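The values are calculated or read from the model by the stated rules, or taken from the named source; none is laboratory data. Keep in mind that what you see is a predicted model, and the values were worked out from it rather than measured. Every residue, glycine among them, receives a Cβ derived from its backbone with ideal geometry; neighbour counts consider all protein chains shown.
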Amino acid sequence: MRIVITIGGSIIISEFSHEMFRAYADILNSLRDEHDLFVVVGGGRPARDYIGVARELGASEARCDDIGIDVTRLNARLLITALGDSAYPGVPENFREALEVATTGRIVVMGGTEPAHSTDAVGAILAETVEADLMINLTSVDGFYDRDPAKYPDARFYPEITASDMLEHLRGSDVRAGTYEFFDHTALHMIRRSGIRTMIVNGNDPENLLRAIDGEIGTTVIPE
Ligand code: UTP
């Protein structure tokens, strides 16, 4: 299968240590003989910290986004470092470049592309570009809840939800630099328009990536 995997910055750089990068690299390397892999890495706390400083300096939202993008690319470079020879050594800056480097047969790792969306949208656009069979979004919760499960213990979990229903739930959520909430709108529009099979799973356990490929866990987003 051709799989696009998005790993939230909140997962991979939460502890600011090498361990999650190593754990994900080992799992990705174990999958690479069987699948074509494209990975998009998020910015996490460091991106928000940089954006916070830029905002205080009076930077526009787009310029804050641009700084966030640089941080996602740094995180991508760390994952490439952990993957070693199995990854293409550069970070594609757009989708055409990603397609080009995919011809090397190596794992393609990228971060953000342009302002006004998060790496969730990068994953969806990449999935459309490379005609992926599956997109897996590794995030810090078990999947989609109707409310933030950290704040509301009675939040309802959805094993399955349509992209349209998710858009409806997320209406009004924040779209400023550093705070594209839960799953960004652009990504959902892309999933709907291209019928991208998508799963949202908890990435705190990297083994969940394997379980997601087997379809065992998380929330499946139905592209309708
Ligand atoms: P993330 O994709 O990590 O955003 O990109 P996020 O959703 O805020 O954070 P996590 O990782 O899921 O917790 C970090 C920031 O970089 C900018 C945005 O400002 C985003 O909030 N960014 C990222 C872009 O502007 N364009 C991109 O393509 C990617």
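Points worth noting:
Each row is one residue, and each column tells you yes or no for (1) touching a His at 6+ places or on another chain (Cβ under 7 Å); (2) under 30 Å from residue 194 (Cα atoms).
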position	(1), (2)
3	yes, yes
9	no, yes
15	no, no
24	no, yes
55	no, no
58	no, no
66	no, yes
70	no, yes
80	no, yes
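- Subset of the range 128-157 that is surrounded by 20 or more Cβ atoms within 10 Å (Cβ to Cβ) and either aromatic (Phe, Trp, Tyr) or under 24 Å from residue 195 (Cβ atoms) (or both) - its residue that is farthest from the ligand (Cβ to nearest atom): 132
- Within the range 143-157, one or more residues are within 15 Å of the chain's Cα centre (by Cα) and within 23 Å of residue 44 (Cβ to Cβ).
- Those residues of the range 100-119 which are closer than 26 Å to residue 186 by Cα, at pLDDT 95 or above and either of a type in the set (Phe, Trp, Tyr) or crowded, with 16+ Cβ neighbours inside 10 Å (or both), in sequence order: 101, 102, 107, 108, 109, 110, 111, 112, 113, 115, 119
- Filter result for residue 93 (among the charged types (D, E, K, R) and over 24 Å from residue 207 (Cβ atoms)): yes
- Positions within the range 190-206 being of a type in the set (Ser, Thr, Tyr) and under 12 Å from the mean Cα position of the chain (by Cα), in sequence order: 198
- Top-ranked residue of the range 77-127 - restricted to ones that are among the acidic types (Asp, Glu) and within 16 Å of the ligand (Cβ to nearest atom), ranked as farthest from residue 173 (Cα to Cα): 97
- Sub-7 Å Cβ pairs linking a first residue in the range 65-88 that is closer than 20 Å to residue 17 by Cβ to a second residue that is assigned to a helix (DSSP H, G or I) and of a type in the set (D, E, K, R), at least 6 apart or interchain, are 82/22, ordered by first then second residue.
- Among residues of the range 167-224, those that are part of a helix (DSSP H, G or I) and over 10 Å from residue 124 (Cβ atoms), counted: 11
- Within the range 16-57, the set of residues being within 9 Å of the ligand (Cβ to nearest atom) and of a type in the set (A, V, I, L, M, F, W, C) comprises 40, 41, 47, 51.
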